[in-house]
1. If I build a Gaussian network model for the chain, linking alpha-carbon pairs within less than 10 angstrom, which residue out of Cys342, Cys269, Cys155 has the largest mean-square fluctuation?
2. Given the alpha-carbon gyration tensor of segment 157-316, what are the semi-axes of its equivalent ellipsoid in whole angstrom, ordered largest first, with each equal to the square root of 5 times an eigenvalue?
3. When the chain is treated as a GNM, springs tying every alpha-carbon pair under 10 Å, which of Glu113, Glu154, Glu350 comes out with the largest mean-square fluctuation?
4. For Glu10, Glu227, Glu327, Glu320, give the ranking by accessible area with the largest first, probe 1.4 Å.
5. Using the Cα atoms of segment 185-257, I'd like the radius of gyration and the largest Cα-Cα distance, Dmax, both in angstrom.
6. List the residues whose amide H sits under 5 Å from the amide H of Phe24, counting only those 5 or more places along or on another chain, with H placed 1.01 Å from N in the peptide plane.
7. I need the phi-derived Karplus couplings for segment 72-87: 6.51 cos²θ - 1.76 cosθ + 1.60, θ = phi - 60°, integer Hz, Gly and Pro marked x.
8. Roughly to the nearest percent, how much of the accessible area of the chain is carbon and sulfur, given a 1.4 Å probe?
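The values are calculated or read from the model by the stated rules, or taken from the named source; none is laboratory data. What you see is a predicted model, and the numbers here were worked out from it, not measured in a lab. For neighbour counting, all protein chains shown are included, and Cβ atoms are generated from backbone atoms with ideal geometry for every residue, glycine included. Heavy atoms of the whole protein, side chains included, go into the accessibility calculation; ligands, DNA and RNA do not. Shrake-Rupley method; radii C 1.70, N 1.55, O 1.52, S 1.80 Å.
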Amino acid sequence: MYQFDRAAYEKRMKWFTEARFGMFIHYGLYSIPARGEWVMSDEEMTDDEYRKYFDAFDPCDLDMRQWAKAAKDAGMKYMVMTAKHHDGFCLYDSKYTDFKSTNTACHRDLVREYVEAVREQGLKVGLYFSLIDWRHPDFPHYKDRQHPMRNHPECGNEGRDFDRYLKYMHAQVRELMENYGKIDLLWLDFSYDDLRGEAWKATELVSMIRSLQPDIILNNRLEVSGEGFGSLAEGHPTPYHGDFITPEQMIPPAGLKDPAGNSLVWEACVTMNGHWGYCAQDHFFKPSSMLVRKLVECVSKGGNMILNVGPDAKGNFPKESVRILHEIGSFMRENGDSIYGCGACAAKPEGMYRLTRKGSRIYVHIFENTIGPFPIPGIPKDKVKGVRLLRDGSEVKISTSWVHSDYPDILFADLGPDPVLPDQTDTVL
Ligand code: JFZ
């Protein structure tokens, strides 16, 4: 019988819930066609058709130290990079396949370079690994699973040996756990239909992972996909429950709790434009002000945010991503205290602001000013020792204007006569 150990769980999750902000990287052969990481499936390519990207792969500009530095400068505390995505291409020297970066023109073990660069910046090291492998001869080709060969007449499932696939997949995970030093986080992706839980031999996989990396944090996608929460959230943890929930491209409206009311650890994964893998045509990037607010919203609901970058074929971050990271970094340098180590605050915001809390300190993130004194309902006014602007420590007066007599219990911050705050992203008190 599996016994969930809450104390051990909270101990291993500590760095993660304090970090709050990370960088996701989707990089692989699909960066060359530049139509997103699902291109092989979307365009129903055969292995042969896809192989041309393997032959062309040569990330001449790729410097992992630059990637890690960009994450660090943006205020991120951890990174998660695709060691292998659904196309089966390994960015590391797996001895179980020839379809790997060390066999391309660049002859580089990109996972090794990555883990070294990330550690050098003092960030936690995460790897993404796809449970699904479209190119493996033993991986099933089901129509409804968006396999690239789903409509190919000669491609049935005869002779496929799923156990043999599982051996391969487990062995590849083992290599990542054994050969690259301490790995802080493993992001497995993903389960669907009946391919979930023990179908992956999940108990065995997780016990192997944890025996090699005792402190590692695992996501919940051995059980679910981007939707669904998994057994820990449902209150009956399996031996392969995820340590954190992975809402994809959404922020849970009220945070997440298990049936007993314990808050759950979660991480919203978010793209900057509309794709994970590099997409040359997609220039529709979210404004950095919006991304900052989304991060704040995650923290105010007790979660993390991992923001994605899809580097191009040569190994460069898109220029829009560079700019966005830079802008977020400026905010984080001044206001990081209101993010790192912070969580939800009991008071619920009633307006264009969010609250985060660290101990007895409450951070008020003002997204848009009011006209007149700024009301912050829910904060026990008589317990407030003082209000200050986070970025320069200057005092903000508690308003004593006429509103007091009408709303005696509500704290009003006097942000001055100018109805427009100087920083339109988030002014933090
Ligand atoms: C998965 C991947 O397929 C995707 O390429 C990317 O890596 C993302 C972070 O994770 O995305 C999914 C997985 C499952 C569903 C949707 C997106 N799903 O089942 O709805």
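1. Result: Cys155 has the largest fluctuation of those listed.
2. Details: eigenvalues 156, 100, 49 Å².
Computed over segment 157-316, the values are 28, 22, 16 Å.
3. Per the Cα network of the chain with a 10 Å cutoff, Glu154 tops the list.
4. Largest to smallest exposure gives the sequence Glu227, Glu10, Glu327, Glu320.
5. 12.0, 36
6. Correct list: Val80, Leu307, Asn308, Val309.
7. Coupling constants for segment 72-87: 4, 5, 7, x, 7, 10, 7, 10, 9, 10, 5, 6, 7, 9, 4, 6 Hz.
8. 51 percent
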